[in-house]
Amino acid sequence: MGNRNELVDLIGVGIGPFNLSLAALLEDVPEIDAVFFEQKSQFDWHPGMLIEGTKLQVPFLADLVTMANPKSQYSFLNYLTEHDRMYAFYFLQRLDMPRREYNDYCQWVAGQLDSCKFGKTVVNVKHIEAEEPYFEVEVYDSETESVEKIKGKNMVLGTGSTPGMPSSFRGMPEDDVFHTADFRNHQKRCREAKSITVVGSGQSAAEVFRELLKEQRDHHYRLDWLTRSSGFLSMEESKLNLEHFSPDYVNYFYQLPQEKKDEIFATQDLLYKGISMHTITDIYNLLYEMSVGGETLDVGLQTLTEVNEIKKEGNTYKLKCEQREQEKEFTHESEVVIVGTGYRPNIPEFILSLESFLQWDEHGRYKVGPDYRLKQSSATPNEVYVHSGISHSHGVGSTNLGLAVHRNKVIINHLTGRPVYRISEQNVFQNFEV
């Protein structure tokens with residue numbers, strides 16, 4: 001590999017659902033020459049959590065393209081047609097799709113897009129001041145072990161998120177103490193354990209607990225679930241609450257002062273962090289059926305419990321815990337500990353080379369414009385669009401797949417300087433502002 005002299009219009013970093021959606025939609029925009037790079041060898045969306053029985057939390061209409069162009073060849077319905085699954089999905093009688101099928105659908109789309117390059121890691125970015133300024137992006141190819149320099153007028157960051165592992169759990173043997181994101185890689189280890197504890201009470205933790213509960217009778221381990229929350233709380237999934245994941249609410253939220261945004265966002269956990277009602281129902285039904293006939297359950301669910309420390313002792317781990325309301329400390333012992341403490345935005349290291357080029361707030365976060373452009377410290381025709389790490393600016397819907405296509409419509413319209421896609425001004429029944 002060497003250096004490319006041609007100047008592309010857009011360089012994408014990361015190929016998750018948001019940038020894959022952008023790549024698919026740009027296939028119908030011939031004036032934009034784009035290339036997207038992903039360090040993985042193929043598209044793989046949270047592979048450690050592709051558990052059978054889990055499903056996408058948005059309807060299939062929130063695929064990569066439909067909400068912008070229902071006629072696109074990259075729609076989920078066309079995927080079903082091409083794989084002879086249309087009647088099977090029709091008889092399923094669900095609006096959502098299995099999570100494993102969503103991953104397979106995205107792989108099908110990615111395999112058709114020449115603009116998507118896998119096994120290539122962006123390692124550095126420079127903004128070059130020239131008569132026609134541009135970004136110079138260094139890309140490492142894992143197959144050839146060489147580096148290529150690509151020139152681009154604009155960039156779009158779609159680097160997603162990384163598992164959020166609390167410091168108290170780091171440094172432990174990874175086979176025994178791991179994040180829910182790695183669950184499937186360690187499922188065999190779980191089946192061999194004498195005791196397992198899940199820490200955290202979000203959707204991922206609940207899905208892992210449900211899977212372990214289903215297999216408990218076959219493998220005879222003790223199973224516990226600890227959360228610092230007041231309960232194993234369900235997400236706010238009523239239809240009017242779902243309107244918070246609309247362009248209307250994004251626009252309303254964006255216009256608020258940053259201090260007010262931070263205050264509001266801190267109160268909205270159950271809009272996006274709780275457990276889906278069907279998952280809670282599955283868990284309760286399993287517990288109920290397993291207790292028929294007075295059978296003693298080797299299962300524990302403990303709320304209001306903070307895990308402050310973990311230590312390895314012999315073949316087990318001792319968790320130093322505190323019941324927050326009673327202010328009582330106790331020790332919990334487990335052979336395997338699975339940490340379900342969510343994810344944090346993945347801000348790539350190479351962005352530090354653009355630190356003086358971009359604007360940051362007092363908390364070290366990007367300053368982001370309403371059209372998903374990062375604000376710059378000086379005027380330049382080169383833009384950096386962003387999908388990741390914008391909850392502070394655009395609110396609870398920032399990671400919601402139902403808004404991916406809308407965001408990409410906004411980005412494409414700005415890139416081209418013309419209304420390629422129509423942007424509706426009114427999408428919901430309620431008003432958020434007066």
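The table that follows gives values for the structure above.
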read-out: Selection count where residues are of a type in the set (Gly, Ala, Ser) and under 30 Å from ASN69 (Cα atoms), scope the range 354-408; value: 10
read-out: Qualifying positions in the range 381-421 - part of a strand (DSSP E or B) and closer than 14 Å to TYR254 by Cβ; value: VAL386
read-out: Total residues in the range 251-265, condition in a loop (DSSP other than H, G, I, E, B) and surrounded by 14 or more Cβ atoms within 10 Å (Cβ to Cβ); value: 1
read-out: Residue pairs meeting the criteria (Cβ under 8 Å; at least 6 apart or on separate chains; first without any contact (Cβ under 8 Å) to a residue 24 or more places away in the chain, in the range 328-354; second buried (at least 20 other Cβ atoms within 10 Å of the Cβ) and assigned to a strand (DSSP E or B)); value: GLU329/CYS321; PHE330/CYS321; THR331/LEU319; THR331/CYS321
read-out: All positions within the range 98-128 that are of a type in the set (D, E, K, R) and without any contact (Cβ under 8 Å) to a residue 60 or more places away in the chain; value: ARG99, ARG100, GLU101, ASP104, ASP114
read-out: Positions within the range 237-250 being buried (at least 16 other Cβ atoms within 10 Å of the Cβ) and either at pLDDT below 95 or not hydrophobic (A, V, I, L, M, F, W, C) (or both), in sequence order; value: HIS244, SER246, PRO247, ASP248, TYR249
read-out: Output for the range 159-191, where each listed residue is aliphatic (A, V, I, L, M) and assigned to a loop (DSSP other than H, G, I, E, B); value: MET165, MET172
read-out: Failed criterion for GLU289 (all others in (1) over 22 Å from ALA205 (Cα atoms); (2) surrounded by fewer than 11 Cβ atoms within 10 Å (Cβ to Cβ) hold); value: (1)
read-out: Criterion (under 28 Å from ARG324 (Cβ atoms), among the basic types (Lys, Arg) and exposed (fewer than 14 other Cβ atoms within 10 Å of the Cβ)) met by exactly one of ARG210, ARG222, ARG217, ARG170; value: ARG170
read-out: Those residues of the range 266-288 which are among the charged types (D, E, K, R) and either modelled with pLDDT of 95 or more or not in a helix (DSSP H, G or I) (or both), in sequence order; value: LYS273, ASP282
read-out: Residue that is free of Cβ contacts under 8 Å to residues at least 60 places away in the same chain, surrounded by fewer than 18 Cβ atoms within 10 Å (Cβ to Cβ), touching a Pro at 6+ places or on another chain (Cβ under 9 Å) and not in a helix (DSSP H, G or I), where the choices are LEU95, LEU77; value: LEU95
read-out: Single match in LEU223, LEU213 (criterion: touching a residue at least 60 places away in the same chain (Cβ under 8 Å) and in a strand (DSSP E or B)); value: LEU223
read-out: Among the candidates VAL410, VAL368, VAL386, VAL405, residue that is assigned by TED's automatic domain parsing to the domain that holds PHE135, surrounded by 18 or more Cβ atoms within 10 Å (Cβ to Cβ) and touching an Asp or Glu at 6+ places or on another chain (Cβ under 6 Å); value: VAL410
read-out: Selection count, the range 164-199, where residues are among the charged types (D, E, K, R) and closer than 19 Å to THR227 by Cβ; value: 0
read-out: Among residues of the range 306-359, those that are surrounded by 15 or more Cβ atoms within 10 Å (Cβ to Cβ) and among the basic types (Lys, Arg), counted; value: 2
read-out: Given (1) in contact (Cβ under 8 Å) with a residue 60 or more places away in the chain; (2) in a loop (DSSP other than H, G, I, E, B); (3) within 25 Å of PRO133 (Cβ to Cβ); (4) among the polar types (S, T, N, Q), number of the condition SER378 does not satisfy; value: (1)
read-out: Residue within the range 308-321 that is farther than 21 Å from PRO173 by Cα, among the aromatic types (Phe, Trp, Tyr) and in a strand (DSSP E or B) present; value: no
read-out: Some residue of the range 39-48 being assigned by TED's automatic domain parsing to the domain that holds LYS153, of a type in the set (Asp, Glu), buried (at least 20 other Cβ atoms within 10 Å of the Cβ) and within 28 Å of GLU174 (Cα to Cα); value: no
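The values are calculated or read from the model by the stated rules, or taken from the named source; none is laboratory data. Predicted model only: the values in this text are computed from it and were never measured. Neighbour counts run over all protein chains shown; Cβ positions are idealised from the backbone, glycine included.
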